[in-house]
Protein chains: 2
Amino acid sequence: MSIFDNPDEYFMQQALREARDARDEGEIPVGAIVVADGTIIARAHNHTERLHDVTAHAEMLAITAAAETLGAKYLQGCTLYVTLEPCVMCAGAIGWAQLSRIVYGASDPKRGFATLGRAMLHPKTVVEQGLLADECEQLMKDFFKSRRQ
Amino acid sequence: MSIFDNPDEYFMQQALREARDARDEGEIPVGAIVVADGTIIARAHNHTERLHDVTAHAEMLAITAAAETLGAKYLQGCTLYVTLEPCVMCAGAIGWAQLSRIVYGASDPKRGFATLGRAMLHPKTVVEQGLLADECEQLMKDFFKSRRQ
């Protein structure tokens with residue numbers, strides 16, 4: 001898969017790579033990428049275990065890193081690719097950052113922000129769901145299955 | 001005001017000190033304290049401007065610092081004192097951290113989490129509002145008034 005064939009799928013594959021890195025570190029396998037003008041400006045995966053920090057979700061780390069790269073608080077014009085539907089905390093951060101677009105893979109019916117509507121996002125933020133959802137979901141399922149064994 | 005007379009008010013005064021530090025640094029004046037067993041284990045104020053990071057709210061920084069102090073992800077048994085009603089992002093973080101109690105001063109009818117209910121909090125978290133609300137609100141009002149001049 002080249003970036004030229006299908007940029008969205010290419011970037012979600014990159015988010016999946018981050019998610020697999022998380023899995024390999026014993027973290028819940030969620031990965032996130034921030035893209036500006038077709039370029040990845042931040043990549044991160046879940047670090048809650050290693051940092052003992054419930055706020056260290058992939059999206060939070062990616063937003064902080066993207067702001068650092070740009071030297072700007074707001075991420076207008078940027079797209080966030082994330083393998084799992086963001087939780088309310090991350091959706092709140094996405095709202096403050098005013099990201100133009102978020103694309104997520106697997107849904108999270110229990111903890112995902114969509115259970116509360118999308119009032120916490122900036123009204124102009126475009127939300128797309130379901131890209132590579134099977135692959136994103138499978139990673140989560142396999143992880144929790146292996147932890148129960 | 002001694003900690004022995006009214007611990008809640010004492011700790012909110014400490015949160016207000018943090019908020020005033022934020023104001024003096026040109027940050028939106030919000031301060032937060034985390035208390036465990038009657039002891040302050042973390043204190044923080046808003047750093048969104050200095051860090052160019054929309055996620056650097058007082059509550060987020062205080063939760064991360066408290067977890068660091070305790071060496072544990074979850075803050076069960078801890079109370080968070082914060083001068084302003086937490087936003088959805090911070091309420092989400094409070095939910096993940098499973099804080100036992102949050103006490104906030106000023107309400108935030110526009111951006112506060114309560115506009116969406118309290119589904120993002122842990123069901124056992126006790127929420128108390130309005131402690132030193134006038135003082136907490138005045139700090140915000142004066143700050144925004146001074147910025148408009």
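Per residue, chain B reaches -12500 deg cm²/dmol at 222 nm when only DSSP H runs of four or more residues are counted, each adding -39500 (n - 2.57).
Let me know the shape class of chain A, please: from the alpha-carbon gyration tensor, a ≥ b ≥ c as square roots of the eigenvalues, rounded when a/c is under 1.5, otherwise prolate if a/b is greater than b/c, or oblate. Rounded is the answer for chain A, as its axis ratio a/c remains below 1.5.
Shielding by partners for peptide A:84-90, expressed as the average number of C-beta atoms from other protein chains within 10 Å of each residue's C-beta, is 5. Of all DSSP-defined beta bridges confined to the protein assembly as shown, some 55% are antiparallel rather than parallel.
Calculated FRET efficiency, B:Glu137 to B:Ala72, Cβ-Cβ distance, R0 = 35 Å: about 0.55 to the nearest 0.05. Near B:His52, once Lys and Arg are set to +1 and Asp and Glu to -1 for all other residues with Cβ below 13 Å from its Cβ, the sum equals -2. Here A:Gly77 yields copy-to-copy label distances, from shortest upward, of 5.0 nm, the label point defined as 7 Å from Cα along Cα to C-beta. Buried accessible surface for the A/B chain pair comes to about 2300 Å², total over both chains, computed with a 1.4 Å probe. Per residue of B:131-139, other chain Cβ atoms within 10 Å of the residue Cβ number 0 on average. Which residues does the label zone of B:Arg20 cover in region B:39-73, counting backbone N under 14 Å from a point 7 Å along Cα→Cβ? Hits in region B:39-73 for B:Arg20 at 14 Å: none. Counting charges near A:Glu27 (Lys, Arg +1; Asp, Glu -1) among other residues having Cβ under 13 Å from its Cβ returns a value of -1. Karplus-derived 3J(HN,Hα) values for region A:111-118, using 6.51 cos²θ - 1.76 cosθ + 1.60 with θ = phi - 60°, are 10, x, 5, 5, 4, 9, x, 10 Hz; glycine and proline are entered as x. Would you mind counting up the charge near B:Cys87? Only other residues with Cβ under 9 Å from its Cβ, with Lys and Arg at +1 and Asp and Glu at -1. That works out to -2. Distances from B:Ser146 to itself in the other copies, using label points 7 Å out along the Cα-Cβ axis, amount to 5.3 nm in increasing order. Could you work out which residue, out of B:Val127, B:Val54, B:Val82, moves most in a Gaussian network model of chain B, that is, has the largest mean-square fluctuation with Cα springs under 10 Å? Most flexible of the set in this elastic network: B:Val54.
The values are calculated or read from the model by the stated rules, or taken from the named source; none is laboratory data. Just so we're clear, the structure is a prediction, and the values are computed from it rather than from any experiment. Glycine gets a Cβ as well: all are built from the backbone with ideal geometry, and neighbour counts include every protein chain shown. Ligands, DNA and RNA are excluded from the accessible area calculation, which covers all protein heavy atoms including side chains. Shrake-Rupley method; radii C 1.70, N 1.55, O 1.52, S 1.80 Å.
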